[in-house]
Amino acid sequence: MTTYLRELASRLIGCDTVSTKSNVEAMEYLGSHLESHGFRTAWHRSEVAGVPKADLVAVAGPPEPDGLIVSGHVDVVPFIGQPGWQRDPLRLEIEDDRVYGRGASDMKVFLAQCVEAAAQLDLASLQRPLVFIFTSDEEVGCRGAERLLPVLPTLLSEIPQPRLAWIGEPTSYQVFHTHKGVAIFSITVHGLGGHSSMPEQGVNAIAVAGKVIETIGRYQEELRQQPSTAFANLFPESPYTTLNFGSIRGGTAANMIAEECTVQVSYRPLPQGDPLEAYREIARRVQELDLRDYGSPHHRARLEIGEAFVVPPLLSPRDTPLESALFSRLDRKTSGGAPFATDGCQFARAGIASLICGPGDLDQAHQPNESMRREAFENGARVILDVVHTLCGVGTA
Ligand SMILES: [Zn+2]
């Protein structure tokens with residue numbers, strides 16, 4: 001391991017880039033290092049709820065077609081309040097064969113490895129462009145990439161937009177070409193409040209929310225009983241759209257009729273058809289419900305179904321040059337379905353085929369005491385250099 005890699009990873013993990021916070025310091029640190037290795041940088045800056053955010057594009061090589069994008073996100077999931085931490089989440093620690101810190105696997109170490117690889121590249125020998133894209137707000141719905149992709153051609157300037165992207169999310173170096181999408185929405189039941197001793201004068205929103213939950217639960221049961229044969233191999237644990245109740249909030253006191261109850265629902269649609277199909281089906285079914293509660297025949301509750309926030313699924317083409325390069329470098333023969341969503345869905349909308357493959361460990365992402373294998377930590381830059389060599393025709397200094 002080079003001391004340079006350790007310095008980069010340690011500095012990145014030391015920046016608190018939980019998605020609600022600014023990522024600008026970490027991003028400018030990455031940008032200044034890439035510039036010092038000869039990359040041209042371009043920025044997309046935005047402000048989210050008053051918090052400044054930056055997305056970074058760093059380019060090297062000639063303005064030829066068929067370059068390669070190597071991408072990762074700099075934000076991490078929260079650690080404050082997450083039980084189980086026995087280490088400082090913002091401190092890189094290397095112990096035995098593991099490297100620890102928030103973002104070790106997901107996915108700051110990969111970004112550090114990109115910069116270490118950049119330092120070792122002989123840029124003059126690049127025959128096709130190499131583009132690093134580092135994003136914000138991936139963990140809150142791939143929103144950084146969503147903001148960045150429409151302006152990418154402008155930021156790339158004379159470089160033709162590459163058609164392949166390698167996203168180094170934690171997969172223990174398995175290769176994934178597809179993942180499900182995510183849709184999130186809430187359903188609010190508006191009842192009619194009152195004294196709990198007189199249920200007939202009101203409508204209990206919690207009781208009606210129970211019917212809503214039961215209806216959605218039955219739909220999940222149906223989906224589970226009709227697994228997709230086309231996706232049985234890619235998503236062996238759940239080859240169907242999975243549903244989840246994320247939170248429920250309602251009521252005020254034991255002696256009051258609950259006036260309002262909100263249930264947050266999310267689901268993960270397969271990468272086929274319209275990702276909003278389940279949303280519409282749920283809306284249809286709950287609107288058919290008898291919206292009276294069990295204690296009151298007179299009044300009906302009102303449902304408010306929130307708009308769905310959607311992260312699209314990803315289904316990249318197979319047999320691309322990037323797939324061959326990753327397969328041969330990592331000794332892989334198959335590509336599968338990732339159990340999480342990625343920025344790849346936003347690249348796909350811009351016509352860029354993405355593969356998900358990275359040094360971090362799948363089971364370490366978002367965990368307390370997050371870590372990765374020391375061997376993957378030390379060798380990652382070499383893997384990047386070899387893949388870049390294959391796809392961009394570069395020699396190493
Ligand atoms: Zn990630």
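The values are calculated or read from the model by the stated rules, or taken from the named source; none is laboratory data. Quick caveat, the model's predicted, so the values are computed rather than measured. We place every Cβ from the backbone using ideal geometry, glycine too, and count neighbours over all the protein chains shown.
Couple of notes before you dig in:
- Among the residues examined, Ala119 qualifies as part of a helix (DSSP H, G or I), surrounded by fewer than 19 Cβ atoms within 10 Å (Cβ to Cβ) and hydrophobic (A, V, I, L, M, F, W, C).
- Residue within the stretch 210-217 that is modelled with pLDDT of 95 or more, surrounded by 19 or more Cβ atoms within 10 Å (Cβ to Cβ) and touching an Asp or Glu at 6+ places or on another chain (Cβ under 8 Å) present: no
- Any hit, the stretch 381-391, residues being crowded, with 23+ Cβ neighbours inside 10 Å, small (Gly, Ala, Ser), in contact with a Leu (Cβ under 7 Å, 6 or more places away or on another chain) and in a helix (DSSP H, G or I): yes
- Identity of the residue in the stretch 300-330, in contact with a strand residue (DSSP E or B) (Cβ under 6 Å, 6 or more places away or on another chain) and surrounded by fewer than 16 Cβ atoms within 10 Å (Cβ to Cβ), that ends up farthest from Ala258 (Cα to Cα): Pro317
- Condition check for Ala112: out of contact with any strand residue (DSSP E or B) (no Cβ under 8 Å at 6 or more places or on another chain), within 15 Å of the ligand (Cβ to nearest atom), in the same structural domain as Thr342 (by TED's automatic domain parsing) and aliphatic (A, V, I, L, M): yes
- Any hit, the stretch 54-66, residues being in a strand (DSSP E or B), away from the ligand (no atom under 16 Å from the Cβ) and touching a Cys at 6+ places or on another chain (Cβ under 7 Å): no
- Single condition Ile133 does not satisfy, out of (1) within 16 Å of the ligand (Cβ to nearest atom); (2) within 14 Å of Cys345 (Cα to Cα): (2)
- Selection within the stretch 290-299: residues that are part of a loop (DSSP other than H, G, I, E, B) and either surrounded by 14 or more Cβ atoms within 10 Å (Cβ to Cβ) or assigned by TED's automatic domain parsing to the domain that holds Arg143 (or both). The member of this set that is modelled with the lowest pLDDT is Gly295.
Listed here are the residues, each with its yes/no results for (1) assigned to a strand (DSSP E or B); (2) surrounded by 21 or more Cβ atoms within 10 Å (Cβ to Cβ); (3) modelled with pLDDT of 95 or more; (4) not hydroxyl-bearing (Ser, Thr, Tyr).
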{"site": "Met1", "(1), (2), (3), (4)": "no, no, no, yes"}
{"site": "Tyr4", "(1), (2), (3), (4)": "no, no, yes, no"}
{"site": "Ile69", "(1), (2), (3), (4)": "yes, yes, yes, yes"}
{"site": "Gly84", "(1), (2), (3), (4)": "no, no, yes, yes"}
{"site": "Asp88", "(1), (2), (3), (4)": "no, no, yes, yes"}
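- Test for Asp106: is it of a type in the set (Asp, Glu), modelled with pLDDT of 95 or more, within 16 Å of the ligand (Cβ to nearest atom) and in contact with a Pro (Cβ under 6 Å, 6 or more places away or on another chain): yes
- Counting only residues that are of a type in the set (Gly, Ala, Ser), outside any loop (DSSP other than H, G, I, E, B) and more than 12 Å from the ligand (Cβ to nearest atom), the stretch 332-380 holds 9 of them.
- Within the stretch 137-152, the set of residues being assigned to a helix (DSSP H, G or I) and either over 23 Å from the mean Cα position of the chain (by Cα) or closer than 18 Å to Val70 by Cβ (or both) comprises Gly144, Ala145, Leu148, Leu149, Leu152.
- Taken over the stretch 181-216, the residue count meeting the criterion of being within 40 Å of the chain's Cα centre (by Cα), in a loop (DSSP other than H, G, I, E, B) and polar (S, T, N, Q) is 1.
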